[in-house]
Amino acid sequence: MSRPTAIFFGFRPWKAYVPSWFPDRDCKVVSRKPWLMLFTGWPLRLLLHRRAEVYVWGFKYPTFLKRFCRRFRIPFFHVEDGFVRSVSLGAHKAPPASLIIDSRTMHYDAQNPSDLEHTLQTYDFAADKALMVRAEQCIRILLELRVSKYNLGKRINLDSVLGPKTKRRVLVIGQVETDAAIAFGCDRHVTNNDLVRLAASENRDAQIIYKPHPEVLHGTREGVSNPADVADICDILNEDVAPADIFDGVDHVYTITSLMGFEALLRGLPLTCVGLPFYAGWGAADDRQPSPRRTRRRSVREIFAAAYLLHSRYFDPEKGESADLEKVARRLSEAAVVTRLQQRQ
């Protein structure tokens, strides 16, 4: 039997990698521009393929496309960077070493239930002992190797930057404020500066540390709020620093919807989350945005198992072939060491 035809919309930066990510599909990559899609006959051309599937990058697709696929019962999937991604940034054209694929909506869409949310709401983790053992092992590997989503941050000792620790330290994680993770993950407008002010008001006896997003620091994305406006109430880390090194020196973390918030939970740090990312609403954090749909209480290990193991695909960044999380973590750790050595030369 011939392979299903997978049509990819919005994957232009990663076009060369798509066949490696989906080796069991006949892959065709199409522009994300709606006018070009119409000019070249999409989506009507989908009807010519007997076993067509559609994959879109995040929400970067014309709104009619999903309705069209539902109307003609064409399988439709949202795709986004996974949670263990690369050494460099996506803006630097570094391909992701992991992807998360969802047939309902993106995992960061708090307005609608995703496949990941459905799993967290319904899956019997206690009965899947092998999964939970593997989740524990993978968490340990990520922590020991100090692997994050992005892995190009400078290695430091926080005391060498901020001076000796004399009181509680509260970390505020900055994000790209125009990112879809905030637009779809919050029920109100929140900026990085709002988050800094909230953390400062709730922790008057603490040292507030603000970490801007790597893409803002590297100049590949623009911020909305100006960190200088809150410089009087926090210490700002003005260079890209490895998340693991920061976590080692703080006592509490505040985030809007950043994945770094979940990485803090993996380390047992208290987390205040003002938005509703995939890991919020399950009782693992101090959640400020309610979610009536998320009624189950889930441990950090269960959330990890669902997100990083059940709903993510991994790829060897060197060989360009399918891999598992354990191998990808080691590859990224090795590549990060090489990159830092090159930067010092």
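Give the calculated FRET efficiency between Ala231 and Gln111 to the nearest 0.05, with a Förster radius of 35 Å applied to their Cβ-Cβ distance. Write down the numbers at each step before the final one.
On the way: r = 34 Å, r/R0 = 0.97.
Between Ala231 and Gln111 the formula returns 0.55.
So if the hydrodynamic radius of the stretch 51-136 is defined as the Kirkwood radius over C-alpha pairs, what does Stokes-Einstein give as its diffusion coefficient at 10 °C and 1.306 mPa s, in µm² per second? If you can, show how the numbers build up before the last one.
Details: Rh = 15.0 Å.
It diffuses with D of about 106 µm²/s by this estimate.
Using bins 10 angstrom wide from zero, how does P(r) for the stretch 97-147 break down, in % of all Cα pairs?
Taking all Cα pairs of the stretch 97-147, the binned fractions are 21, 34, 40, 4 percent.
Please list Cys234, Cys27 from largest to smallest accessible area, probe radius 1.4 Å, with all protein chains kept in place. Mind showing how you got there, number by number?
Working: Cys234 15, Cys27 35 Å².
Final ranking, largest accessible area leading: Cys27, Cys234.
Would you please classify the overall shape of the stretch 192-345 from the alpha carbon gyration tensor, given that a ≥ b ≥ c denote the square roots of the eigenvalues, rounded means a/c under 1.5, and beyond that prolate means a/b larger than b/c while oblate covers the rest?
Judged from the Cα gyration tensor, the stretch 192-345 comes out oblate (a/c at least 1.5, b/c at or above a/b).
As a test question: what accessible area, to the nearest 10 Å², does Thr122 have when a 1.4 Å probe is rolled over all protein chains in place?
80 Å²
Under a point spin-label approximation (7 Å from Cα along Cα-to-Cβ), what is the Lys319-Asp159 distance to one decimal in nm?
Taking the two extended label points, one gets 4.3 nm.
In nanometres, what is the gap between the two model label sites at Phe77 and Gln137, each 7 Å from Cα along Cα-to-Cβ?
2.5 nm
Holding the Cα-Cα limit at 30 Å, pick out from Lys60/Lys211; Lys149/Lys319; Lys66/Lys129; Lys60/Lys149 the pairs that are longer than that. Don't skip to the end; give the middle numbers.
Values: Lys60/Lys211 28 Å; Lys149/Lys319 20 Å; Lys66/Lys129 37 Å; Lys60/Lys149 21 Å.
Beyond 30 Å: Lys66/Lys129.
What percentage of the solvent-accessible surface of the stretch 287-333, computed with a 1.4 Å probe over protein heavy atoms, is contributed by carbon and sulfur atoms?
Details: 1010 of 2250 Å².
Carbon and sulfur together cover 45 percent of it.
Taking 0.36 nm per residue of sequence separation and subtracting the Cα-Cα distance, how much length would be gained by fully extending the chain between Phe64 and Asp205, in nm to one decimal? Please list the in-between numbers first.
Working: separation 141, 0.36 × 141 = 50.76 nm, distance 5.19 nm.
Net length gain for the segment: 45.6 nm.
Find the accessible area per residue for the chain; the probe is 1.4 Å, ligands and nucleic acids are left out, and the unit is Å². Please report the intermediate quantities before stating the final value.
On the way: 15840 Å² over 345 residues.
I get 46 Å² per residue for this part.
At 7 Å along the Cα-to-beta-carbon direction for both Asp24 and Asp124, put a label point, then send me their distance in nm to one decimal.
Inter-label distance under the simple model: 2.5 nm.
Once the Cα gyration tensor of the stretch 269-339 is diagonalised, what are the square roots of 5 times its eigenvalues, in whole Å and ordered largest first, as equivalent ellipsoid semi-axes? It would help to have the intermediate numbers written out before the result.
Numbers: eigenvalues 195, 42, 18 Å².
The three semi-axes for the stretch 269-339 are 31, 14, 10 Å.
Rank Phe72, Phe304 by accessible area, highest first, at a 1.4 Å probe radius? Could the numbers behind the result be given before it?
Numbers: Phe72 95, Phe304 0 Å².
Result, largest first: Phe72, Phe304.
Within the stretch 119-198, list the trypsin sites (Lys or Arg not before Pro) lying in a DSSP loop whose Cβ has at most 14 other Cβ atoms in a 10 Å radius. Write down the numbers at each step before the final one.
Details: sites: Lys129, Arg134, Arg140, Arg146, Lys149, Lys154, Arg155, Lys165, Lys167, Arg168, Arg169, Arg188, Arg197; in loops: Arg146, Lys149, Arg155, Lys165, Lys167, Arg168, Arg188.
Those that pass, being in a loop and sparsely packed, are Arg155, Lys165, Lys167, Arg168, Arg188.
Beyond 25 Å, what percent of the Cα pairs of the chain remain? Mind showing how you got there, number by number?
Working: 32559 of 59340 pairs.
For the chain, the fraction of Cα-Cα distances above 25 Å is 55 percent.
The values are calculated or read from the model by the stated rules, or taken from the named source; none is laboratory data. The structure displayed is predicted, hence computed values, not measured ones. Here Cβ is always computed from backbone atoms with ideal geometry, including for glycine, and neighbour counts include all displayed protein chains. Surface accessibility is based on the protein's heavy atoms, side chains included, excluding ligands, DNA and RNA. Shrake-Rupley method; radii C 1.70, N 1.55, O 1.52, S 1.80 Å.
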